[in-house]
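Student: There's a structure below that I have some questions on.
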């Protein structure tokens, strides 16, 4: 009898349960009913609603099948094991709250236990779910109320919760939940707790009064420790209190060092950079409704802010050490950010024009609207990254404001501890709308700026084989205009104590001034109006004359390659209207080995398209050097059309070069020379000539074994001079020039080779008529003591007037200025006194009508050492 009743009850249970399951859209794998125990066992229960899924391996229900599946179910208890659920936040509430048949079962159950289960909660579609494992849940009916307790683990960290709610869901409700040491590095970003590292602990309480429209009161706290230790100090904390209702969410939040890594979706995008890290201290109000989220705060601060680029990773991060604000308002849905005032401490930004323009095109971020009355800036560091290098502006203080029209009233100025410290000043406006800035007008001033910091703005870069060494300080005043991604600059700049060094050459100037514009990132050319240098000094490396190879072919001549600085200017498309160098000098080898003094160089229109008008004038060896012509240094091959003349120079400036080359040292004489180059039959050709005159040139009486003239022309230098001199002890050499600019430009090396060939040819001819011997009885007319400074004395001028009278009466007379020195050795000070004294005498005679062709200063030699007072012997002489 019992067996038949059990079978009948089993069949009725299966029929009722499967019928209900079909109605409720629930899959049930197996149904077992124990009549005597009044126990219904269901296995493999599967429920799907949208993307959600609920799987139960085993369920024991203390209820008759008819009471379970009827319209008014009554269930004594329910025990579930093997629960596996997947819930999606966007669908959970809307779908499961509509399941009346399932809700009736839950409301009719007096006691429920879930023993062992796992719940996967998908907070969004792009991140892995939160996993609640080791799920333990119990529900106890207390009249119309249900008390529920839960324990579980999130990524191994314990979670506990308990709450009390009405069976119908519209009554009073309250509860709490707590969690300990959840590893944030394993927590999905979709949870948006704020920090992304550390261990998260916290608790939350909520309460709702009776009534379907009643608001839910919320109270809670989050804490993050960097160590998994109950005793560890809290690195950051967030507390909140507020309400949630049908109209939305309103919560008051208090934070202490709370990390904001995962709040970036609420915050503005700045220059296509998004906040990836910051810590917030302050109180704010968070409101959320159908219009989106809004935040407001009377005051607060953020520190260690970091903004990372959205697109191009080559763009640098931006950072701010601390940001303080007052009366802040943020609407993330409408993308509005406003504040009464903000203070930025130690912001660090970088601007890379090319990369920034590309990123702006790639990322079309939804624009934000800004309204910030005052932004105070403290210790700003700004890096301007150009293709040619970086420019760093540091320790800038100032202020500005931001509105929908742009960044207004920008005032920035460097902090200075000393008067000589670098100083920057920036003023102006940056125009734009909704945070996308496309125009700017800035006035930029700089003073005491090390030139090394401005290297990217300087046209000269050096060459592949030799970098450019740069030293000095600069000042500048420029107006900068930004339009559609292009920067253009106009202004002026100056530099003091400038030094440029490249491949053994050095160029220095006490002061250099320039006016420029437009120059910048979007100009077809870089334009400089003027470049003026004062008290400049060029030091060229001393290059000895190499041995002449008689079998060297003409085709081996230089091909007129551009100089390194010309390559730099041409590559940068630089154009210069005018260059003026005043009060300059040129040395070869040592800084005090002057070849040219009192030099002035003027050049107009330096460009690749047109030749420049060039002039140079200065004193070389006491004579006059003049250069006038048209020069094309920036064209594909260098050209010069014009004349160079040197009149009545003494050869002493060549001494170090001649000694280094193996020549005897020159001790007396005059040199005159001229070079004339004109256009040939075509633009690719040139014609010209060189004239060289040597008069009474005398070398030290010492034939050196390495005299280069021996290998070059077959005679040593002294014998060569004697062979070439005429009766007046004059040597005249004429060289014709001609060729193609691109193949055989008339450079110094080429001219030197042709001169050597001419000397070789002249040396093979019969010797010229012997020079007339100078009178052995040359008379010392007077002696002038050595002067260190000042002018000739009255007595010295009187004695020189007697010499002057004799020379006017006899035009055949010449005067030698022979130095007599005293002391143990001929030192630098003595040499300076000798040269200065000879200059005084020569100037006195020359200004009174005696040509330099009749005045011959001599270099001091060992034979000129005197046992008496050092002086200049003014000796009258003639050639018979």
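The values are calculated or read from the model by the stated rules, or taken from the named source; none is laboratory data. Because the structure is predicted, anything quoted here is derived from the model rather than measured. Methodologically, a virtual Cβ is constructed for each residue, glycine included, from the backbone with ideal geometry; neighbour enumeration extends over all protein chains shown.
Student: Which condition from (1) within 21 Å of residue 84 (Cα to Cα); (2) surrounded by fewer than 18 Cβ atoms within 10 Å (Cβ to Cβ); (3) at pLDDT below 85 is the one that residue 122 breaks?
Tutor: Residue 122 satisfies every listed condition except (2).
Student: Moving on. For the list (1) at pLDDT 90 or above; (2) within 30 Å of residue 748 (Cα to Cα); (3) assigned by TED's automatic domain parsing to the domain that holds residue 576; (4) exposed (fewer than 15 other Cβ atoms within 10 Å of the Cβ), I need the number of the one condition that residue 503 fails.
Tutor: Status for residue 503: all satisfied but (3).
Student: Let me ask something else about it. Contact list please: Cβ distance under 9 Å, first residue in the range 118-140 and at positive phi, second residue assigned to a strand (DSSP E or B) and crowded, with 16+ Cβ neighbours inside 10 Å, pairs at least six apart or on different chains.
Tutor: 134/117; 134/118; 134/152; 134/153
Student: Then there's this: Read through the list (1) modelled with pLDDT under 80; (2) touching a strand residue (DSSP E or B) at 6+ places or on another chain (Cβ under 9 Å), then give the number of the only condition that residue 70 fails.
Tutor: Every listed condition holds for residue 70 apart from (2).
Student: Just the residues that are more than 27 Å from residue 107 (Cβ to Cβ) and loosely packed, with under 15 Cβ neighbours inside 10 Å, please, taken from the range 135-156.
Tutor: 156
Student: Moving on. Across the range 482-493, what is the number of residues that are under 28 Å from residue 537 (Cα atoms) and surrounded by 17 or more Cβ atoms within 10 Å (Cβ to Cβ)?
Tutor: Result for the range 482-493: 2.
Student: Quick one: is residue 778 farther than 28 Å from residue 657 by Cα, exposed (fewer than 15 other Cβ atoms within 10 Å of the Cβ), modelled with pLDDT under 85 and in contact with a strand residue (DSSP E or B) (Cβ under 6 Å, 6 or more places away or on another chain)? So that I can check it myself, show each step before the final result.
Tutor: Working: farther than 28 Å from residue 657 by Cα: yes; exposed (fewer than 15 other Cβ atoms within 10 Å of the Cβ): no; modelled with pLDDT under 85: yes; in contact with a strand residue (DSSP E or B) (Cβ under 6 Å, 6 or more places away or on another chain): yes.
For residue 778, the condition - farther than 28 Å from residue 657 by Cα, exposed (fewer than 15 other Cβ atoms within 10 Å of the Cβ), modelled with pLDDT under 85 and in contact with a strand residue (DSSP E or B) (Cβ under 6 Å, 6 or more places away or on another chain) - is not met.
Student: For the range 251-268, what are the residues that are more than 17 Å from residue 328 (Cβ to Cβ) and buried (at least 18 other Cβ atoms within 10 Å of the Cβ)?
Tutor: 259, 261, 262
Condition check ((1) touching a strand residue (DSSP E or B) at 6+ places or on another chain (Cβ under 8 Å); (2) at pLDDT 95 or above) across all residues:
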{"site": "286", "(1), (2)": "yes, no"}
{"site": "298", "(1), (2)": "yes, yes"}
{"site": "301", "(1), (2)": "yes, yes"}
{"site": "313", "(1), (2)": "no, no"}
{"site": "323", "(1), (2)": "yes, yes"}
{"site": "326", "(1), (2)": "yes, yes"}
{"site": "331", "(1), (2)": "yes, no"}
{"site": "336", "(1), (2)": "yes, no"}
{"site": "345", "(1), (2)": "yes, yes"}
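Student: Considering only residues that are surrounded by fewer than 16 Cβ atoms within 10 Å (Cβ to Cβ), more than 38 Å from the chain's Cα centre (by Cα) and not in a loop (DSSP other than H, G, I, E, B), which ones fall in the range 284-297?
Tutor: Correct list: 285, 289, 292.
Student: A follow-up question, please. Of the residues 214, 191, only one is modelled with pLDDT under 85, under 22 Å from residue 286 (Cβ atoms), buried (at least 17 other Cβ atoms within 10 Å of the Cβ) and in contact with a strand residue (DSSP E or B) (Cβ under 6 Å, 6 or more places away or on another chain); which?
Tutor: The unique qualifying residue is 214.
Student: What's the number of the only condition in (1) in contact with a strand residue (DSSP E or B) (Cβ under 6 Å, 6 or more places away or on another chain); (2) touching a residue at least 24 places away in the same chain (Cβ under 8 Å) that residue 615 fails to meet?
Tutor: (2)
Student: Same structure, new question: Out of everything in the range 91-113 that is part of a loop (DSSP other than H, G, I, E, B) and touching a helix residue (DSSP H, G or I) at 6+ places or on another chain (Cβ under 8 Å), what residue ends up being modelled with the highest pLDDT? Walk me through it before giving the result.
Tutor: Taking the range 91-113 as the starting set, the residues that turn out to be part of a loop (DSSP other than H, G, I, E, B) are 97-99, 110.
In the following step, the residues that additionally are touching a helix residue (DSSP H, G or I) at 6+ places or on another chain (Cβ under 8 Å) were identified as 97, 99.
Numbers: 97: 58, 99: 67.
Once the filter is applied, the top-ranked residue is 99.
Student: What single numbered condition from (1) touching a strand residue (DSSP E or B) at 6+ places or on another chain (Cβ under 8 Å); (2) surrounded by fewer than 19 Cβ atoms within 10 Å (Cβ to Cβ); (3) without any contact (Cβ under 8 Å) to a residue 40 or more places away in the chain fails to hold for residue 474?
Tutor: The failed condition is (2).
Student: Hey, another quick one. Can you confirm whether residue 665 is modelled with pLDDT under 95 and out of contact with any helix residue (DSSP H, G or I) (no Cβ under 6 Å at 6 or more places or on another chain)?
Tutor: no
Student: Also, quick follow-up: Name every residue in the range 465-506 that is closer than 25 Å to residue 432 by Cβ, part of a strand (DSSP E or B) and in contact with a helix residue (DSSP H, G or I) (Cβ under 8 Å, 6 or more places away or on another chain), in order of residue number.
Tutor: 487
Student: Return the only residue of 584, 589 being on the phi < 0 side of the Ramachandran plot and assigned by TED's automatic domain parsing to the domain that holds residue 636. I'd like the intermediate steps shown before the answer.
Tutor: Values: 589 fails: on the phi < 0 side of the Ramachandran plot.
Step by step, each of 584, 589 is checked, and only 584 is on the phi < 0 side of the Ramachandran plot and assigned by TED's automatic domain parsing to the domain that holds residue 636.
Student: Pick from the range 436-464 the residues that are in contact (Cβ under 8 Å) with a residue 60 or more places away in the chain and part of a loop (DSSP other than H, G, I, E, B): which of them is nearest to residue 368 (Cα to Cα)?
Tutor: By that ranking, first place goes to 459.
Student: Within the range 632-647, track down each residue that is part of a strand (DSSP E or B) and surrounded by fewer than 20 Cβ atoms within 10 Å (Cβ to Cβ).
Tutor: 641, 642, 643, 644, 645, 646, 647
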